[in-house]
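Single-structure report; data block below.
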Amino acid sequence: MVKLSPSGLTSDFLTLEKVLKQFEESGVDMLHLDVMDGIFVPNISFGVPVIKSIKAHTNIPLDVHLMIDRPHRYIKDFAAVSDWLGFHYEAGSDVAETLKEIRALGCKSCLTIKPKTEPEEIFEFLPLCDMVLVMSVEPGFGGQKFMPNSLPKIKALKAEAMRQGLNIEIEIDGGINAETAPLAVEAGATVLVAGNYVFSSDNIPETVKQIRSL
Ligand code: DX5
Ligand code: ZN
């Protein structure tokens, strides 16, 4: 069964609690939270205080996706409110040190690559990762079109993780919907992020069930 991590980026934060209850009842695996600083990506979202309030209202593990410049500066702050904590390979931090710090602070570590980054560039860091995140859109905004060049990257990361004898979650983020989710699963993704597709559904529990049964 593939895991689902709905992305709340485009949700109404004042009514999120109701949606969180539906997620809990329908067995959502993680909640994906997109942190954007207006520098690493051309958009600004939210930070630690918002995540802290979400954490106080749900038991769903929080999957925090940092899209911020030099993320090592903020790992301690975000680790305190995250279960899974990921940052971008391209964001200007020492990758190995940052992954180690995330684990040392008790979170699961995740390394993320943008659509133009080749998977081979991160092979050496896989032993330090609990999850890798392959972006299937340019990070910054929800509701963009899925980029199929993410699929061979997932395959390559899966094969390399197996070669190294590692059991790593492979997450995909951007443009996931009824058509693209099966392609991602077939390529080897084990965690699907879905923003608009889940949040705009008029039957959230049914949509969650459909995706998780792929
Ligand atoms: C984009 C974010 C995504 C986004 C996904 O930068 O990382 O998590 O919310 O939204 P959809 O599923 O609508 O593409
Ligand atoms: Zn994301």
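Structural remarks
- Restricting attention to region 113-214, the count of lysine pairs at 8 or more positions apart or across chains with alpha carbons under 20 Å apart stands at 9.
- Distance between the modelled labels on Glu138 and Glu97, one decimal in nanometres: 3.0 nm (7 Å Cα→Cβ projection).
- Estimated 222 nm signal from helices in the chain, with DSSP H stretches of n ≥ 4 weighted -39500 (n - 2.57), rounded to 500: -9000 deg cm²/dmol
- Applying the criteria of a DSSP loop state and at most 12 other Cβ atoms within 10 Å to the GluC sites (Glu not before Pro) of region 70-160 yields no site.
- Rounded to 5, percent antiparallel among DSSP beta bridges of the chain: 5
- Three principal axis lengths of region 105-214 [C-alpha, angstrom, descending]: 43, 30, 27
FYI, it's all coordinate maths here, none of it is from the lab. Because the structure is predicted, anything quoted here is derived from the model rather than measured. Every residue, glycine as well, gets a Cβ built from its backbone with ideal geometry; the counts of neighbours run over all protein chains shown.
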